[in-house]
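To keep things clear, I will list the structure first and then write my remarks on it.
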Amino acid sequence: MRLAKTLLACALLAGPAFAADATGLEAGDIAVADSLRAKALAGSTAWSVVESLTTEVGPRLAGTEADARAVRWAEAKFKAMGFDKVYLEPVTFPVWLRQRERAEVLAPFPQPLVVTALGGSVGTGDAPIDAEVVEFATLDALKAAPEGSLAGKIAFISNRMVRFKDGRGYGPAVGARSNGAVEAARKGAVAIVIRSIGTSSNRFAHTGTMRYVPDVPRIPAAALSNPDADLLVHMLGRGRPVTLRLDISAETREAYTSHNVIGEITGRELPGEVVTIGGHLDSWDQGTGAIDDGAGVGITMAAGALIGELPQAPRRTIRVIAYANEEQGLYGGKAYADAREAAGEIDAHQLSAESDFGAGRVYALRAGVDPAAWPVIEKIGEVLAPLGVATEAGVGSPGPDVGPIVAKGATWAQLAQDGTDYFDYHHTPNDTLDKIDPKALDQQVAAYAVLAYLAAETAVDFGRVPAKTTP
Ligand SMILES: [Zn+2]
């Protein structure tokens, strides 16, 4: 239905030859996209946006006073960057606040360990937990332990995340963080520590969210730094019982309402149809949230603003979304998708993408669209090729906050980034501005600007993606 409407509009304005092209794009559109790419490469505003966010707001754990400041920051920044419509949408979630986190080996070789509480973890209570450590090589090994075998013990999963350019080491490793506490509690454990889900060799631990399930005791969960996980493995290798003291406290609060902050460049012909790009506004509490995900916010704000500076807006609306609370459960992405479904606006989404993989250069364009629209993706890929970006069919996935609307049928694109060092900094105190190369950020702005502009301009509709075909 939308396809017919779009093609009709274009046919009236541009003549039949326009609609005949499978890409729905004219030479003039490509020239505009080329100019956006060149302008971004010559120096974009993305780095200064991330500098502003990390300097003026800093860590912005969801539900904190800093979260509220970040929302005000984003609203003001969108306006200052010339977006012609800026608004907030409510996102409600429970609040978790880190307090104390300490660990030490009591025996046989007493010494302190560097540890951090996992997001969502309960505390250890009035007194620390002192218990013997039982090591498991993987989450699956823990699951295979006999019932009750961990009664009174602390489980330790020592699996090490593997480094890859595309970050594929994360998926197989992260289950230990997400589900380790539940599986350990099922075996009777009183707490769990895991090797950090991250590739840093620095002596700090990577945090990240974990979950509980009904009817399984809630036990404290923490991550050891990689070198401290090594240390514990070496001690356990002596074959003698190792006793660990874990001392964690965290505060949980009633539901808090934050906001998705949205800025738009209004489309000139089909303002009700949108191309969305964005990043998440919240961060973990230890670093300043520069790469996760100040970069994504900065890249997509800068790309949107660049399109806003064109003499003529693209056919459809460019919507840049700074999502609330991605880190603790994709709350912003879910709230956005639910609101669009309630309003009957899923079909209004031409294409959606999120930048949430740090600040490394983009190397691939991937997409989940109607096969009839694939020639448009290939055409966009041609404009991205000078950036070192390859077009890859049949692979990829939407960004985390885009996932919920894709599950409802919206189409997506992914600009895959080089994540070789992303997990050195991810969810650590080292997630700071100095890790970002401004020139790499400009390359990403160029890629997002080209993608968003051409997706908004093409006469072709990207259709819908059946939920079953999406990751
Ligand atoms: Zn992130």
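The values are calculated or read from the model by the stated rules, or taken from the named source; none is laboratory data. Predicted model only: the values in this text are computed from it and were never measured. Quick reminder, even Gly has a Cβ in these numbers, built from the backbone with ideal geometry, and neighbours come from all protein chains shown. What goes into the accessible areas is simple: the full protein's heavy atoms, side chains included, and nothing from ligands, DNA or RNA. Shrake-Rupley method; radii C 1.70, N 1.55, O 1.52, S 1.80 Å.
Working only within region 314-342, note down all residues that are assigned to a helix (DSSP H, G or I) and either away from the ligand (no atom under 12 Å from the Cβ) or open to solvent by 10 Å² or more (accessible area, probe 1.4 Å) (or both).
Within region 314-342, Tyr331, Lys334, Ala335, Tyr336, Ala337, Asp338, Ala339, Arg340, Glu341, Ala342 qualify.
Could you grab me the full set of residues in region 259-313 that are in a strand (DSSP E or B) and over 17 Å from Asn325 (Cβ atoms)?
Kept after step one, since they are in a strand (DSSP E or B), are these residues of region 259-313: 259-265, 270-280.
Selection gives Gly263, Glu264, Ile265, Leu270, Pro271, Gly272, Glu273, Val274, Val275, Thr276, Ile277.
Restricting to region 343-361, count the residues that are more than 16 Å from the ligand (Cβ to nearest atom), over 10 Å from Ala410 (Cβ atoms) and either assigned to a strand (DSSP E or B) or of a type in the set (Phe, Trp, Tyr) (or both).
Of the residues in region 343-361, 0 are more than 16 Å from the ligand (Cβ to nearest atom), over 10 Å from Ala410 (Cβ atoms) and either assigned to a strand (DSSP E or B) or of a type in the set (Phe, Trp, Tyr) (or both).
Residues to consider are Ala372, Ala390, Ala385; find the one that is open to solvent by 10 Å² or more (accessible area, probe 1.4 Å) and modelled with pLDDT under 95.
Ala372
With respect to Gly180, determine if the residue is surrounded by 14 or more Cβ atoms within 10 Å (Cβ to Cβ) and either of a type in the set (Phe, Trp, Tyr) or assigned to a helix (DSSP H, G or I) (or both).
Considered against the rule, which asks whether it is surrounded by 14 or more Cβ atoms within 10 Å (Cβ to Cβ) and either of a type in the set (Phe, Trp, Tyr) or assigned to a helix (DSSP H, G or I) (or both), Gly180 comes out as yes.
Going residue by residue through region 118-126, is there one that turns out to be part of a strand (DSSP E or B), open to solvent by 50 Å² or more (accessible area, probe 1.4 Å) and touching a strand residue (DSSP E or B) at 6+ places or on another chain (Cβ under 8 Å)?
Checked against the condition, which is being part of a strand (DSSP E or B), open to solvent by 50 Å² or more (accessible area, probe 1.4 Å) and touching a strand residue (DSSP E or B) at 6+ places or on another chain (Cβ under 8 Å), region 118-126 yields no hits at all.
Among the residues of region 56-78, count how many are in a helix (DSSP H, G or I) and touching a residue at least 24 places away in the same chain (Cβ under 8 Å).
Qualifying residue count, region 56-78: 8.
Can Ala407 be described as of a type in the set (A, V, I, L, M, F, W, C), surrounded by fewer than 20 Cβ atoms within 10 Å (Cβ to Cβ) and either touching a His at 6+ places or on another chain (Cβ under 6 Å) or farther than 30 Å from Arg195 by Cβ (or both)?
yes
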